[in-house]
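Following: one structure in structure tokens, then a few remarks.
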Amino acid sequence: MYSDKYTFSFFELDSDKSMNGLAASFDTIYTNNSIQIPSQTGSGIIRKTRMEEGLQIRAWDFIVHKPFVFDKRKDRETPDRVFHVAYILNPEALSIRRKDSKDEIRVQGGMNTLFVSNDISIEVEVARELGLHAIDISFTTSWLLRTIADSDTLQQKFMEELLTSKTPTVFFESTSATEYRTLVDVHSVALQEARRQLQIKAGIYSLLAGFFDKILNKSLSEVLESKFFYHDKMLEVEKLLISHLDKKLPPIDEIAHKVALSESTLKRHFKLMFGKSIYEYYLELKMDYAKRLLMEKPLSVNEVASMLDYEKVSNFIDMFKRHHGITPVY
């Protein structure tokens, strides 16, 4: 199935056995907690660091000559459930498929943090010549519960319900500018052979604290939502935008109501799927439609502006020029 791709099938990444399997898929070996990518496959390095009991990280910094598929299979049930938070520096290089769904998502924009539980089956494909530049943090349920032991009661209750839920978890989030700078620093230090454990640990704790602060501001059902990125709902929104190219776009809260999502969930998942905000994507569709009308129909600029519900032709001309770099021809 993957003859034109490198593929690594696995249940977990924390054991040395699994890292040896990953190294073999690159036609090399795992030694000194590292995988050095051979020149016949690509270039770069993957380095694993065990921070403490129940907490490990991997720093990824490689490019390969063919697409690379990480075939993550549902791990066997264990008493201590494992979670991964992956911070991706080049999210545009990835496409993600959940094994129980036909949906495929290309990760774009600021949604560069992937949170998954080990009881999920998922494929992550890394584009050729783009590679993967990321930090992957794995932790056990018991490690996190120990770490948040001093949190307030509501935070502990939320986290306990999340960690002990039987629902496989896959969730995207974004990093702030400050978190991104921390990520870049941790990524750089974690790739060095002379590891600075204290600096790495401080950065990892900072990143996880920021991530879980965001999680705590959401509902548990949103985090555990079983639909893969609301793919069908986003296609429904796209159809609605197309149907409104000749009229004004409804307010975002009205669109959210039509697809039975909160406004914040709609905005986040739409940008994840299309790489643009709803309004940006709508204007792009509208200007492409305007260009087709002018090229394919015997219509004037005034007529097209009127068809697309512009009260002022000058506003239409400005928007057309902003998108296409040229003034529409009368």
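For segment 241-265, give me the residue count where each residue is assigned to a helix (DSSP H, G or I) and either touching a strand residue (DSSP E or B) at 6+ places or on another chain (Cβ under 9 Å) or farther than 17 Å from Leu285 by Cβ (or both). Steps first, please.
Within segment 241-265, the subset assigned to a helix (DSSP H, G or I) is 241-243, 252-258, 263-265.
Within this subset, residues satisfying the condition of being either touching a strand residue (DSSP E or B) at 6+ places or on another chain (Cβ under 9 Å) or farther than 17 Å from Leu285 by Cβ (or both) are 253-254, 256-258, 263-265.
Total meeting the criteria: 8.
Filter segment 227-271 down to residues that are touching an Asp or Glu at 6+ places or on another chain (Cβ under 7 Å) and either closer than 24 Å to Lys312 by Cα or of a type in the set (A, V, I, L, M) (or both), then give me how many there are.
Looking only at that region, the number is 6.
Look through segment 58-82, keep the residues that are crowded, with 16+ Cβ neighbours inside 10 Å and touching a helix residue (DSSP H, G or I) at 6+ places or on another chain (Cβ under 6 Å), and return whichever of them is modelled with the highest pLDDT.
Residue satisfying both the conditions and the ranking: Ala59.
Could you figure out which of (1) of a type in the set (Gly, Ala, Ser); (2) out of contact with any helix residue (DSSP H, G or I) (no Cβ under 6 Å at 6 or more places or on another chain); (3) modelled with pLDDT of 85 or more isn't true of Ala256?
Status for Ala256: all satisfied but (2).
Considering each of Ser188, Ser165 in turn, give the residue that is over 17 Å from Val116 (Cβ atoms), of a type outside the set (Asp, Glu) and over 17 Å from the mean Cα position of the chain (by Cα).
Among Ser188, Ser165, only Ser188 is over 17 Å from Val116 (Cβ atoms), of a type outside the set (Asp, Glu) and over 17 Å from the mean Cα position of the chain (by Cα).
Looking for something under 15 Å from Thr49 (Cα atoms), touching a strand residue (DSSP E or B) at 6+ places or on another chain (Cβ under 9 Å) and basic (Lys, Arg) - is there at least one such residue anywhere in segment 128-145?
Taking every residue of segment 128-145 in turn, none turns out to be under 15 Å from Thr49 (Cα atoms), touching a strand residue (DSSP E or B) at 6+ places or on another chain (Cβ under 9 Å) and basic (Lys, Arg).
Please work out if Glu303 is farther than 17 Å from Leu249 by Cβ and surrounded by 13 or more Cβ atoms within 10 Å (Cβ to Cβ).
Here the answer is yes, as Glu303 does meet what is asked.
Answer yes if at least one residue in segment 21-32 is crowded, with 17+ Cβ neighbours inside 10 Å, closer than 20 Å to Ile200 by Cβ and in the same structural domain as Thr147 (by TED's automatic domain parsing), and no otherwise.
Yes, the conditions are met somewhere in segment 21-32.
For the subset of segment 215-253 comprising residues that are exposed (fewer than 13 other Cβ atoms within 10 Å of the Cβ), at pLDDT below 90 and of a type in the set (Ser, Thr, Tyr), which member is nearest to Arg98 (Cα to Cα)?
Ser226
Under the condition of being in a strand (DSSP E or B) and among the hydroxyl-bearing types (Ser, Thr, Tyr), which residue from segment 6-63 is nearest to Gln197 (Cα to Cα)?
Checking each candidate, the answer is Thr49.
The values are calculated or read from the model by the stated rules, or taken from the named source; none is laboratory data. The shown structure was predicted, so the numbers you read here are calculated from the model rather than taken from an experiment. For neighbour counting, all protein chains shown are included, and Cβ atoms are generated from backbone atoms with ideal geometry for every residue, glycine included.
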